[in-house]
Every structure is written in C-alpha cells, then in structure tokens.
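Trainee: Sharing a structure, written as structure tokens. Questions coming.
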Amino acid sequence: MNMICVISARGGSQGVPGKNIRPLLGKPVIVWAIEKALASALFSHVVVSTDSPEIAEVAKAAGASVPFMRPTELAQSCTGKFQVWKHALEACEKNFGEKYNIYVDIDCTNPLIEVQDIIDIVHKYKEIKNKRPIDALFMTSRARHNPYFNLLEYDSNGALKKSKQLPNEVVCRQDAPSVYAHVAGVYVLDAAYIRRADYLLDGHTEGFLIPSTKAHDIDDQNDFDIIEYLLKRRLSEEKKTKECI
C-alpha cells in the first residue's frame, strides 16, 4: 500500500503562541514529530502542511518536505482537520505524481508519541484492513471522566444533570460503561475515505488505545509544562537504562 505521512502545523495559535516551533527540551515542538516519522522508516515522504514560512523553514531543516503552502482559509482556528487532510492529500499526489492508498497524519502537538507507536498503529490498520472494511484508525485513551457518571450538563430548567442517562442510575465509576477520549496523536486513514467524506467519524472508524501517559497535547501553557515534565522524565529513565546495560 502506498502511504504518505503529513504533519499539519498552522502558524497561528491562541493558547500557546508559536507553539509548533517553540523550543521543547532543546528542539522545536514540530521537530519531535518529524524526527519520529522519519525514524519509523515507513514513508517515502514526510510532508509538513503549513501556512507559515517560519514553520516551513524549521520543517525543512529537520528533514521534512514542504512542497506546498497551505491556503490561509485552511489555517484558521475554526478550520476542520478533515478539510486540511483533503487539501494535503490532493497537493501531495499532484506534487509527487503518486496515488496514495493510506494517509497518515501525525499531530505535532503531542511529542509524547514514540516511533514504535507510529509503526504499531500503521501495522494495526493494515491488519484490520485485511480482515474487514475500515476507514480510519486513530489514537484513543480511556477517558478520565465519564458522561454516565461525572460529566454534567444543564437542562432546560437550569439544573445540572448527567450528560448521558441509563435506565438504572450509575452511582460508582466502575459501573459506568467504558468511554474513550479522542487523542491528538496518529491517524491512519484510507485515502479514498478522505476523498469522499467530510468528517472523521462519518465512516467506520476504530480506536488504537494508548496509555494515559501519552494522551496529552499542547493547548495551553499548563499542557506544555506537563508534556515537558513527562518527556524529561522519560528521557531520564531511558538514559539510566542505557547506562545499566
């Protein structure tokens, strides 16, 4: 199957200004994603889709391709990810003169994703695809909060109620149905699905479960601090392991 890997990174960011190229433990945030995509050795091209010349230069220096610039109308805070994928897929096929079967998106705002995670989710997608139809496989984690237990909404009378109700009241977390959080990480999609659909969950999509320690992405300064701490801790543990070998 012919695959293309695209890392989407627009220039504007309201929560953390310049977050995609902000230094994180000595390298720009986006470089963590680029280096891992390249290290996976799965892709003939690792492409960055951006509207920012500054991000483009950082990406090129890290070894990614930037064969096109994303249009301004697809680089707004309200722009849907799926529309960015549609544009990038078409632009990549036109630029490289290839037709792709699989489109892999790596979210650069989650530097906790590892090389093996990228390899594993791509292999899992192919394994599922050989058994049954699937349009997309993307990363999920077990949700910390549950709409059947402790997520609330105001009703029409202004009173708080559980977001989802069951015939029998759920009084402890263990009795609530399992729910999953959509993680900013790696998405593996059937390229034909991107061409025909308009939203990630329009078709048959499934989740690739990752641990909560990797289920973080940078939306604000607090997120950045948490990821920096977790990444620093992991690198320290890896260093100790190597020293013991």
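Trainee: Please list, by residue number, every one of the GluC sites (Glu not before Pro) in the range 8-109 that is coil in DSSP and has at most 16 other beta-carbon atoms within 10 Å. Write down the numbers at each step before the final one.
Mentor: Values: sites: 35, 54, 57, 73, 90, 93, 98; in loops: 98.
Passing sites in the range 8-109 are 98.
Trainee: Take every Cα pair under 8 Å in the chain that's 6+ residues apart, average their separations, divide by the length, and report that relative contact order as a whole percent. Please report the intermediate quantities before stating the final value.
Mentor: Working: 391 pairs, mean separation 56.3, N = 245.
Reported as a whole number, the value is 23 percent.
Trainee: Related question: Can you pull out the GluC sites (Glu not before Pro) in the range 144-214 whose DSSP state is coil and whose Cβ has at most 15 other Cβ atoms within 10 Å?
Mentor: Working: sites: 153, 169, 206; in loops: 169.
Those that pass, being in a loop and sparsely packed, are 169.
Trainee: Could you bin all the Cα-Cα distances of the range 11-52 into 5 Å bins starting at 0 and give me the percent of pairs in each, rounded to whole numbers?
Mentor: Distribution as computed: 6, 20, 24, 24, 16, 8, 2 percent.
Trainee: Also, quick follow-up: May I ask you to evaluate 6.51 cos²θ - 1.76 cosθ + 1.60, the Karplus curve with θ = phi - 60°, for each residue of the range 142-157 and list the ³J(HN,Hα) values in order in whole Hz, giving x for glycine and proline?
Mentor: With coefficients 6.51, -1.76 and 1.60, one gets 5, 5, 6, 10, 10, x, 8, 10, 9, 9, 10, 9, 7, 8, 5, 9 Hz.
Trainee: Something else: Rg/Rh for the range 176-245: what does it come to with C-alpha atoms and Rh from Kirkwood?
Mentor: Numbers: Rg = 17.2 Å, Rh = 15.4 Å.
Here Rg/Rh amounts to 1.12.
Trainee: Using +1 at the Cβ of each Lys and Arg and -1 at the Cβ of each Asp and Glu in the chain, identify which of 39, 61, 102 lies farthest towards the dipole's positive end.
Mentor: Towards the positive end, the residue furthest out is 39.
Trainee: Next question, about the same structure. How far, in nm, would the chain grow between residue 157 and residue 235 when pulled straight, counting 0.36 nm per residue and subtracting the alpha carbon separation? Mind dumping the intermediate values first?
Mentor: Details: separation 78, 0.36 × 78 = 28.08 nm, distance 5.12 nm.
Roughly 23.0 nm would be gained on extension.
Trainee: While we're on this one: Within the range 90-131, report the trypsin sites (Lys or Arg not before Pro) that DSSP leaves as loop and that have at most 16 other Cβ atoms within 10 Å. Can you show the working numbers first?
Mentor: Numbers: sites: 94, 99, 124, 126, 129, 131; in loops: 99, 131.
Here the trypsin sites (Lys or Arg not before Pro) that fit, given the DSSP loop and packing criteria, are 99, 131.
Trainee: Let me ask another. If you place +1 on the Cβ of every Lys and Arg, -1 on the Cβ of every Asp and Glu, and leave all else neutral, what size is the dipole of the chain about its Cα centre, to the nearest 20 Debye?
Mentor: Working: 31 positive and 32 negative charges, 89 e Å.
Taking the Cα centre of the chain as origin, the dipole is about 420 debye.
Trainee: Let me ask something else about it. For the range 1-157, what is the accessible area per residue in Å², given a 1.4 Å probe and the full set of protein chains?
Mentor: Values: 7230 Å² over 157 residues.
Result: 46 Å² of accessible area for each residue.
Trainee: Sticking with this one: Does the range 121-228 come out rounded, prolate or oblate by the C-alpha gyration tensor, with a ≥ b ≥ c the root eigenvalues, rounded set by a/c under 1.5 and, if not, prolate when a/b is larger than b/c and oblate if not? It would help to have the intermediate numbers written out before the result.
Mentor: Details: a/c = 1.98, a/b = 1.49, b/c = 1.32.
It comes out prolate by the Cα gyration axes.
Trainee: Hydropathy first: keep DSSP H helices in the chain averaging at least -0.5 on Kyte-Doolittle, then drop any whose Cα extent along the axis falls short of 15 Å, and list what survives. Before the final figure, lay out the partial values.
Mentor: Numbers: long enough: 29-39 (16 Å, 1.66); 81-96 (22 Å, -0.63); 115-129 (22 Å, -0.25); 221-244 (35 Å, -1.24).
The answer, listed by residue number, is 29-39, 115-129.
Trainee: Does the range 34-117 come out rounded, prolate or oblate by the C-alpha gyration tensor, with a ≥ b ≥ c the root eigenvalues, rounded set by a/c under 1.5 and, if not, prolate when a/b is larger than b/c and oblate if not? Write down the numbers at each step before the final one.
Mentor: Details: a/c = 1.39, a/b = 1.19, b/c = 1.17.
Taking the square roots of the gyration eigenvalues as a ≥ b ≥ c, the range 34-117 is rounded.
Trainee: Normalising by the residue count of the range 150-245, find the relative contact order in percent from Cα pairs under 8 Å and 6+ residues apart. Write out the running numbers ahead of the final one.
Mentor: Values: 32 pairs, mean separation 13.9, N = 96.
Worked out over the range 150-245, it gives 15 percent.
Trainee: Please get the size of the charge dipole for the range 97-147, origin at its Cα centre, with Cβ charges of +1 on Lys and Arg and -1 on Asp and Glu, quoted in debye to the nearest 20.
Mentor: Numbers: 8 positive and 8 negative charges, 70 e Å.
It comes to approximately 340 debye.
Trainee: While we're looking at this one, here's another question. Could you look at the range 4-110 and say what percent of its accessible area is carbon and sulfur, using a 1.4 Å probe and all protein chains? Don't jump to the answer; show the numbers that get you there.
Mentor: Working: 2180 of 4370 Å².
In the range 4-110, the share of accessible area belonging to carbon and sulfur is 50 percent.
Trainee: Another question, then. For Cα extents along the principal axes in Å, the choices are [x] 56, 49, 38; [y] 57, 40, 37; [z] 57, 43, 28; which was calculated from the structure?
Mentor: Evaluating Cα extents along the principal axes in Å on these atoms matches [x].
Trainee: Tell me the mean residue ellipticity at 222 nm calculated for the chain from its helices only (DSSP H runs of n ≥ 4, each -39500 (n - 2.57), averaged over every residue, nearest 500).
Mentor: Computed ellipticity for the chain at 222 nm equals -10500 deg cm²/dmol.
Trainee: Using a 1.4 Å probe on the protein heavy atoms, what percent of the accessible area of the range 143-239 belongs to carbon and sulfur?
Mentor: Working: 3070 of 6190 Å².
After summing per-atom areas, the C and S share lands at 50 percent.
Trainee: Additional query: Where both residues lie in the chain, what percent of DSSP beta bridges are antiparallel, nearest 5?
Mentor: Values: 16 of 30 bridges.
Restricted to the chain, the bridges split so that about 55 percent are antiparallel.
The values are calculated or read from the model by the stated rules, or taken from the named source; none is laboratory data. A quick note: this is a predicted structure, and the numbers were derived from the prediction, not measured. Don't worry about glycine lacking a Cβ; one is built from the backbone with ideal geometry, like all the others, and counts go over all protein chains shown. Quick note on the areas: whole protein, heavy atoms, side chains included, nothing else; ligands and nucleic acids left out. Shrake-Rupley method; radii C 1.70, N 1.55, O 1.52, S 1.80 Å.
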